[in-house]
Amino acid sequence: MKLVYVVPGPMNDTEAARRGGLLKEWAAPHVDVDIVTVSEGPASIESMYEEFLSIPATAKLIYQLEQEGYDAAILGCAGDPGLDAYREITTTLRVVGPAASGYHTAALLGHRFSILTVTDSTIPSCYELVQKAALTHKLASVKAVNIPVLELANDRAATLNKLVEIGKREVENSGADTLVLGCMSMGFLNVAEDMQEILGIPVINPAKNALKIAEALVGANYTHSKKAYMIPPKLASGKIKSLDELLVTK
């Protein structure tokens, strides 16, 4: 089984290698997992505009990865930017969004979940993603730690303490019985396990969970429905031969 984790923006080689190492640790013994980054895009994603900026280059890379024989791709952003589009342009490649897969996992493990995201600017998109996943009735709250993505790892202990503080408050005040970390950088801090031990409830690590969902889809031989995610008509009909031809310029 060949999986690939796709970072939808530039990332320095050291951090990419660190995250790749964690993915290999989490992966099942029979699974090969690689990590790739796009060459252009936002340094981090903390707004809808940055989500849109990340999509074109990531789409081209994901399309290429299917040609290279990967079984599944994990989108490296917990906002799931471009997820539907990536599923449209692929046929056998499973493309897993950390947000959708994380929310559904939380719904399997409890009655009401809270999402802990990075900044206030990402809260509205979390609500939209929950609505799209048809899980609004399961959502207790969405709260931000208000630590920028690129600063989460500067002080792991401080980030963990803030996540625990907010998580505990949502359990007590909002009725949450499960928590979802709403950022992949949180996932790669390995704080979910510490939070679970302290709070005594499931805490979804979006990076690890998306990897395991990808493994399960491939293992069960499930692929995305092409009735749901149809190949763009111009491409399907043969009127154009490549993704590049969908973009018209003067």
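The values are calculated or read from the model by the stated rules, or taken from the named source; none is laboratory data. Source: prediction; values computed, not measured. Reconstructed Cβ throughout: ideal geometry from the backbone, glycine too, with neighbour counts over all protein chains shown. Keep in mind that these areas ignore ligands, DNA and RNA; they rest on the heavy atoms of the full protein, side chains included. Shrake-Rupley method; radii C 1.70, N 1.55, O 1.52, S 1.80 Å.
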Restrict the check to region 61-74 and report whether at least one residue is hydroxyl-bearing (Ser, Thr, Tyr) and under 26 Å from Val142 (Cα atoms).
no
Within region 232-250, track down each residue that is basic (Lys, Arg) and under 30 Å from the mean Cα position of the chain (by Cα).
Lys234, Lys241
Assess whether Leu211 counts as being out of contact with any Ser or Thr (no Cβ under 9 Å at 6 or more places or on another chain), closer than 20 Å to Ile62 by Cβ and open to solvent by 70 Å² or more (accessible area, probe 1.4 Å).
no
I'm trying to understand the selection: among the residues of region 139-159, which are charged (D, E, K, R) and closer than 18 Å to Pro124 by Cβ?
Lys143
Tally time: how many residues in region 163-212 are assigned to a helix (DSSP H, G or I), touching a helix residue (DSSP H, G or I) at 6+ places or on another chain (Cβ under 6 Å) and under 24 Å from Met11 (Cα atoms)?
9
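Here is a yes/no grid of residues against (1) touching a Gly at 6+ places or on another chain (Cβ under 6 Å); (2) among the basic types (Lys, Arg); (3) farther than 17 Å from Ala106 by Cα; (4) without any contact (Cβ under 8 Å) to a residue 60 or more places away in the chain:
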{"residue": "Glu165", "(1), (2), (3), (4)": "no, no, yes, yes"}
{"residue": "Lys168", "(1), (2), (3), (4)": "no, yes, no, yes"}
{"residue": "Asn173", "(1), (2), (3), (4)": "no, no, yes, yes"}
{"residue": "Val180", "(1), (2), (3), (4)": "yes, no, no, no"}
{"residue": "Ile204", "(1), (2), (3), (4)": "yes, no, no, no"}
{"residue": "Ala207", "(1), (2), (3), (4)": "yes, no, no, no"}
{"residue": "Ile213", "(1), (2), (3), (4)": "no, no, no, no"}
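This table checks each residue for (1) of a type in the set (A, V, I, L, M, F, W, C); (2) in contact with a His (Cβ under 7 Å, 6 or more places away or on another chain); (3) modelled with pLDDT of 95 or more; (4) surrounded by fewer than 21 Cβ atoms within 10 Å (Cβ to Cβ).
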| site | (1), (2), (3), (4) |
| --- | --- |
| Lys162 | no, no, yes, yes |
| Leu181 | yes, no, yes, no |
| Asn190 | no, no, no, yes |
| Met195 | yes, no, yes, no |
| Val203 | yes, no, yes, no |
| Lys227 | no, no, yes, yes |
| Glu245 | no, no, no, yes |
Tell me which residues, restricted to region 196-229, are over 21 Å from Ala176 (Cα atoms) and acidic (Asp, Glu).
Glu215
Of Ile74, Ile115, the only residue that is within 28 Å of Met11 (Cα to Cα), hydrophobic (A, V, I, L, M, F, W, C) and in the same structural domain as Ser174 (by TED's automatic domain parsing) is Ile115
Assess whether Ala228 counts as being farther than 17 Å from Ala99 by Cβ and not assigned by TED's automatic domain parsing to the domain that holds Ile115.
yes
Of the residues Gly182, Gly175, Gly110, Gly102, which is on the phi > 0 side of the Ramachandran plot and not aliphatic (A, V, I, L, M)?
Gly175
